[in-house]
Amino acid sequence: MKFDLEGLTVHFPYAAIYPEQHAYMGELKRALDARGHALLEMPTGTGKTAALISLITSYSLASPSRPLRLIYCTRTVHEMEKTLAELRLLFAHLPAAASRSLLALGLSSRKNLCVHPQASAAAARDSVDTACRRLTASWVRDRAASDPDSTPLCDFFESFDRAAAAGDLASYMPPGVYTLADLRALGRDRGICPYFLARQMVKYANVVVYSYQYLIDPKVASIVSREMQKECVVVFDEAHNIDNVCIEALSVSIRKQTLEGAERNLRRISQEIDRFKATDANRLRAEYNRLVDGLAQRGNLPISDAWLANPALPEDILKEAVPGNIRRAEHFLAVLRRLVRFLDGRLETENVENEMPVAFVASIHSQAGIDQKMLRFCYDRLHSLMLTLEITDTDEFMHIQTICDFATLIGTYTRGFSIIIEPYDERMPDIRDPVIQLSCHDASLAIQPVFERFQTVVITSGTLSPIDLYPRLLNFNPVISRSFTMSLTRDCICPMVLTRGSDQLPVSTKFDMRSDPGVVRNYGRLLLEMASAVPDGIVCFFVSYSYMDGIVNSWNEMGILQDIMQHKLVFIETPDVVETTLALDNYRKACDCGRGAIFFSVARGKVAEGIDFDRHYGRLVIMFGVPFQYTLSRILLARLEYLRETFQIKEGDFLTFDALRQAAQCVGRVIRSKADYGMMIFADKRYSRHDKRSKLPGWILSHLHDAHLNLSTDMALHIAREFLRRMAQPYDKTGSGGNKTLLTEEDLQNMAQDAMEM
């Protein structure tokens, strides 16, 4: 369909539109008009992606002289593929002239795009990267030119390089939508490397879909996203955890194994330097001269040599000369050895230590003789040395890269970080496992360059409540900040707060109550009663793996698990991805064949973040407890202190906000469209308190009736049976009168006319 939105012609790929999609587009257009940032919360299953890409593409087509480009960031490859499928649908509905001129593509790692038979066979991502470099590095190709028989090359990359040199890449990728599977197929058919082709064509694409890391992690962003112009709209989809993604991008952990690996790496680099001194000393001399001129003089590296960039360096430092005492390769190695020895000494501690970067850098200077400027240049100096020494096995050098990453970060940032040294994990005090953690507390450090660089950044998700906390956490000012509700013709969502069991004993996962046999039994009875009454699939979320293991064992000993399995099969998520994928497949098979199944999962786990339990795969979701973070974690305590001092966010407010967004994310898995229906049980007495409950998203709260706030198991069972009976009745999908939930072109024209008359 095609309609007018405040003077803009919008092309939409479906015959009807939800009212909330129309309102969402209106707010998004205002943000684009104001060239500012937006924070938009929209319920799951209401077509966020279709609304976003339709509005931004239409906006771009309306001003062909200054077209906007869309950078769409997703968390997983699965979400990336779904977004590209929506784009393909949209492009098919655009005018022929427009769709013939637009290019949209997905970009992922070599692991997901490589088509070389040997390189792509490697299991780990780093191994695929290394296998690729062995075949494509500039010095490998130079060697092959003089000795083609003994030096294997990648034919796909050679084709790419020839096409790039001839300026002929566009002929390989005509306008259209390219998913990762399309890129691989194109690579095989045309004999060209899909990874490097996509990397180059990103500069010319109208829509690029890739991972958060490609914009937020400075090591990756400065290589992949360097060419992006200011006239881009950046969308972070499912961005409820964006603050955690930003923090992880700038945090580093160092263990004993890291230091042992770094020492091995240094011995290997030392041998390489000796070999080069004997055979090609000029290369080392040329590198020294280049470092005198500054890192910016390094020039543009060939695309196949570009390695992870600096984790922190701003552009102005790149123009400085590298400090004199680390210019010579052997001097730099001596500095790294002293740094590794210093860190090894700090790991010998018996007590927990917490230091700020300034104090830690001062102690490195006094004990190891390494000053702040040398630390700041460590990462780039290592990068330069590895290129000079022609090292392709980058996966073997991960340990020394981690040390240099750590050094550069503490040398660059003086605030927003702390260094925490723990001799053992608090939960296992008998096992010595010392770790140095450079922990970032300020999410705005990683995302600030994105806000400054692009004219509009849209942060959107189904669970952004309370929405006013994100601008403070990320330190930005959105021009539009809005939360939408779901328009429904029937109450197809039924949230309930269960506070006590059938015996009227309160239930909670509070630390002093969670192992109480009465609570464990009541949770088990709740699941048993629901398994006997609810058809098809039930999904249960627990607060942690250890709690899930404990409670399932207890249920087994009490005989409750055997009773549950009389009604439905039980499948369990584990930390192992392969096992969990297998369990999910079998869970779906059990639901499909009518046997019914229960899936035990963990809040903050892989399933809670990215798997949909739509239709019969999820008729009920039970959240056992409130998924607070481990509150004795030293890293969390340091972050809470930083948030309180810097952003005036109270500890309790942040912890409750974080726990409730995880709970909302878990229960939101069950509704993926308006035709769907499902129940949500929040099984913990703390959810009945207003300060906890009010932080749930508006679209859940609007369906949470007062009568459902303080239930026991038998009351919840009665409500569930009534709800399922209601859902079995035929219903009007489009709504009528003022409660229409599907708007056609004609409805939109009438609405516009009414607005003009008013």
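The values are calculated or read from the model by the stated rules, or taken from the named source; none is laboratory data. Remember, it's a predicted structure, so these values are computed and weren't measured experimentally. Neighbour counts are summed over all protein chains in view; Cβ atoms, including those assigned to glycine, are modelled from backbone coordinates with ideal geometry. Only protein heavy atoms, including side chains, enter the accessible area calculation; ligands, DNA and RNA are left aside. Shrake-Rupley method; radii C 1.70, N 1.55, O 1.52, S 1.80 Å.
Summary of computed values
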read-out: Spin-label pair R725/S120, simplified geometry with 7 Å Cα→Cβ offset, distance in nm; value: 5.6 nm
read-out: Rough spin-label spacing in nm, given labels placed 7 Å along Cα→Cβ, for R432 and S673; value: 5.9 nm
read-out: Extension gain from L569 to H616, taking 0.36 nm per residue of separation minus the Cα-Cα distance; value: 15.4 nm
read-out: Chain lengthening between V292 and A15 when straightened (0.36 nm per residue, less Cα-Cα); value: 93.4 nm
read-out: Partner aspartates and glutamates for K589 [C-alpha distance under 17 Å; skip if fewer than 8 residues away on the same chain]; value: D536, E573, E579, D612, D614
read-out: Over the stretch 592-679 - Rg/Rh using Cα atoms and the Kirkwood inverse-distance radius; value: 1.11
read-out: Per residue value of the accessible surface for the chain (all protein chains in place, 1.4 Å probe), Å²; value: 41 Å²
read-out: Environment charge of V519, counting only residues whose C-beta is closer than 12 Å and scoring Lys/Arg +1, Asp/Glu -1; value: +2
read-out: Estimated FRET transfer efficiency (D393, D754; beta-carbon r; R0 60 Å; 0.05); value: 0.35
read-out: Whichever lysines have a C-alpha closer than 29 Å to that of K685, once near sequence neighbours (fewer than 8 apart) are set aside; value: K510, K568, K606, K650, K695
read-out: Set of aspartates and glutamates with alpha-carbon distance to K230 below 13 Å, sequence-local pairs under 8 removed; value: E452
read-out: Cα pair count fraction exceeding 23 Å, expressed as % - the stretch 144-277; value: 58 percent
read-out: Mean Cα-pair separation over length for the stretch 249-442, i.e. relative contact order, pairs under 8 Å, 6 or more apart, %; value: 34 percent
read-out: Cleavage-rule hits, trypsin sites (Lys or Arg not before Pro), the stretch 541-623, DSSP coil, Cβ neighbours within 10 Å at most 12; value: R595
read-out: Where only alpha carbons of the stretch 108-205 are counted, the Rg and the Dmax (Å); value: 13.4, 41
read-out: Amide H contacts under 5 Å for L743, placed H, 5+ residues apart; value: I17, Y18
read-out: C-alpha center-to-center spacing [the stretch 474-498, the stretch 431-462] in angstrom; value: 25 Å
read-out: Long-range HN-HN contacts of T456 with modeled amide H, under 5 Å; value: C232, V234
read-out: R100-T76 FRET efficiency (beta carbon distance; Förster radius 30 Å; 0.05 resolution); value: 0.45
read-out: In Å, descending, principal axis extents of the Cα set of the stretch 249-442; value: 53, 33, 33
read-out: Where GluC sites (Glu not before Pro) fall in DSSP loop in the stretch 368-464, at most 12 other Cβ within 10 Å; value: E426
read-out: Where labels lie 7 Å past Cα in the beta-carbon direction, separation of T744 and D371 in nm; value: 7.7 nm
read-out: Residues with amide H under 5 Å from that of L620, placed H, sequence gap 5 or more; value: V539, M679
read-out: Shape call, the stretch 493-728: gyration tensor on alpha carbons, a/c limit 1.5; value: rounded
read-out: Rounded if a/c under 1.5, otherwise prolate or oblate - the stretch 368-421, Cα gyration tensor axes; value: prolate
read-out: Length released on extending from R66 to V578, taking residue separation times 0.36 nm less the Cα-Cα span; value: 179.7 nm
read-out: Centroid-to-centroid separation of the stretch 33-78 and the stretch 196-260 [C-alpha atoms, Å]; value: 18 Å
read-out: Paramagnetic reach from A85 in the stretch 100-142 [backbone N under 14 Å; point 7 Å along Cα→Cβ]; value: none
read-out: Euclidean distance between Cα centres, the stretch 108-128 to the stretch 643-695, Å; value: 39 Å
read-out: Three-way shape call for the chain based on the alpha-carbon gyration tensor, with the a/c threshold at 1.5; value: oblate
read-out: Equivalent ellipsoid semi-axes, the stretch 626-671, via Cα gyration tensor eigenvalues times 5, rooted, Å; value: 24, 12, 7
read-out: DSSP bridge pairs, the chain: antiparallel proportion in percent, nearest 5; value: 25 percent
read-out: Spin-label proximity, S694 to the stretch 453-476 - amide N less than 15 Å from point 7 Å beyond Cα toward beta carbon; value: 465-469
read-out: Where GluC sites (Glu not before Pro) fall in DSSP loop in the stretch 186-288, at most 10 other Cβ within 10 Å; value: E227
